[in-house]
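Taking it in order: structure first as structure tokens, then the write-up.
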Amino acid sequence: KLAIKYSADVNKARIAALLHDAAKNMSIDELVKISKENYKDIDEDYYNSPQLLHGMVGASIARDVFKIEDDDILNAITYHTTGRANMSLLEKIIYVADYIEPSRDFPGVEFLREISYTNLDEAVIECCESTIKYILSKKLLLHKNTIEARNYLLIKKQ
């Protein structure tokens, strides 16, 4: 729906949406092993919060198993949990769609669903801020990509 709303490539969005959690249920050991085999320069933030590796490993599965070669699809899968600065339209759509999917039920999700159909950049900012608040409340490590995604969009709208 977001791809249609924002005139993105619906087929690319469908592929990224279907594959974004391809590695979600892998063990931490599997995620670490596969990420080390496929990516040489992974920052330590991922290894300190290894559940975040499922996006990166999911992109590897999309590339190697499903023969997806489109960098935009692979990046949307890779960054669907953390976001990043200067996301493409597809990356933003997958990031927000994952955050507001129908099974999500948390305070503020309805607001996020509404704003996602009026201003995608604002929705990304709000999703980042919601993530940051949640991570801080749980005293977990915050990935710098989420901060950079938020800050990039805040500066862009000035």
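The values are calculated or read from the model by the stated rules, or taken from the named source; none is laboratory data. What you see is a predicted model, and the numbers here were worked out from it, not measured in a lab. Please note: Cβ atoms are built from the backbone with ideal geometry, for glycine as well, and neighbour counts cover all protein chains shown. Remember, those area values only see protein heavy atoms, side chains included, never the ligands or the DNA or RNA. Shrake-Rupley method; radii C 1.70, N 1.55, O 1.52, S 1.80 Å.
Is it the case that some residue within segment 75-89 is open to solvent by 70 Å² or more (accessible area, probe 1.4 Å), closer than 26 Å to VAL10 by Cα and of a type in the set (D, E, K, R)?
For segment 75-89, residues open to solvent by 70 Å² or more (accessible area, probe 1.4 Å), closer than 26 Å to VAL10 by Cα and of a type in the set (D, E, K, R): absent.
Of all the residues that make up segment 90-107, how many are of a type in the set (Gly, Ala, Ser) and either in contact with an Asp or Glu (Cβ under 8 Å, 6 or more places away or on another chain) or closer than 18 Å to ALA8 by Cα (or both)? First the steps, then the outcome.
Taking segment 90-107 first, the residues of a type in the set (Gly, Ala, Ser) are 97, 103.
If we keep only those that are either in contact with an Asp or Glu (Cβ under 8 Å, 6 or more places away or on another chain) or closer than 18 Å to ALA8 by Cα (or both) as well, we get 97.
Qualifying residue count, segment 90-107: 1.
Give the residue that is most open to solvent (accessible area, probe 1.4 Å), with candidates limited to residues of segment 120-137 that are among the aliphatic types (A, V, I, L, M) and farther than 14 Å from ASP98 by Cα. Spell out how you get there, then give the answer.
At the first step, the residues of segment 120-137 found to be among the aliphatic types (A, V, I, L, M) are 120, 123-125, 132, 135-136.
Checking which are farther than 14 Å from ASP98 by Cα leaves us with 125, 132, 135-136.
Numbers: ILE125: 6, ILE132: 31, ILE135: 29, LEU136: 108 Å².
Looking at the filtered set, the residue picked out is LEU136.
Could you check segment 1-43 and list, in sequence order, the residues that are under 18 Å from the mean Cα position of the chain (by Cα), among the small types (Gly, Ala, Ser) and within 20 Å of ASP70 (Cβ to Cβ)?
If the condition is that a residue be under 18 Å from the mean Cα position of the chain (by Cα), among the small types (Gly, Ala, Ser) and within 20 Å of ASP70 (Cβ to Cβ), then ALA3, ALA8, ALA13, ALA16, ALA17, ALA22, ALA23 are the ones that fit.
Looking for something buried (at least 24 other Cβ atoms within 10 Å of the Cβ) and touching a helix residue (DSSP H, G or I) at 6+ places or on another chain (Cβ under 7 Å) - is there at least one such residue anywhere in segment 101-109?
no
Considering each residue of segment 1-36, count those that are open to solvent by less than 60 Å² (accessible area, probe 1.4 Å), within 22 Å of TYR95 (Cα to Cα) and not in a helix (DSSP H, G or I), and give that number.
7
Please determine whether any residue of segment 37-57 is exposed (fewer than 14 other Cβ atoms within 10 Å of the Cβ), more than 24 Å from LYS12 (Cα to Cα), in contact (Cβ under 8 Å) with a residue 60 or more places away in the chain and acidic (Asp, Glu).
Residues of segment 37-57 that are exposed (fewer than 14 other Cβ atoms within 10 Å of the Cβ), as a first pass: 37, 40-41, 43-44, 48, 51.
Checking the rest, the ones that are also more than 24 Å from LYS12 (Cα to Cα) come to 37, 40-41, 43-44, 48, 51.
From what's left, in contact (Cβ under 8 Å) with a residue 60 or more places away in the chain: 43, 48.
Of the ones still in play, those that are also acidic (Asp, Glu) are 43.
Yes, because at least one residue in segment 37-57 is exposed (fewer than 14 other Cβ atoms within 10 Å of the Cβ), more than 24 Å from LYS12 (Cα to Cα), in contact (Cβ under 8 Å) with a residue 60 or more places away in the chain and acidic (Asp, Glu).
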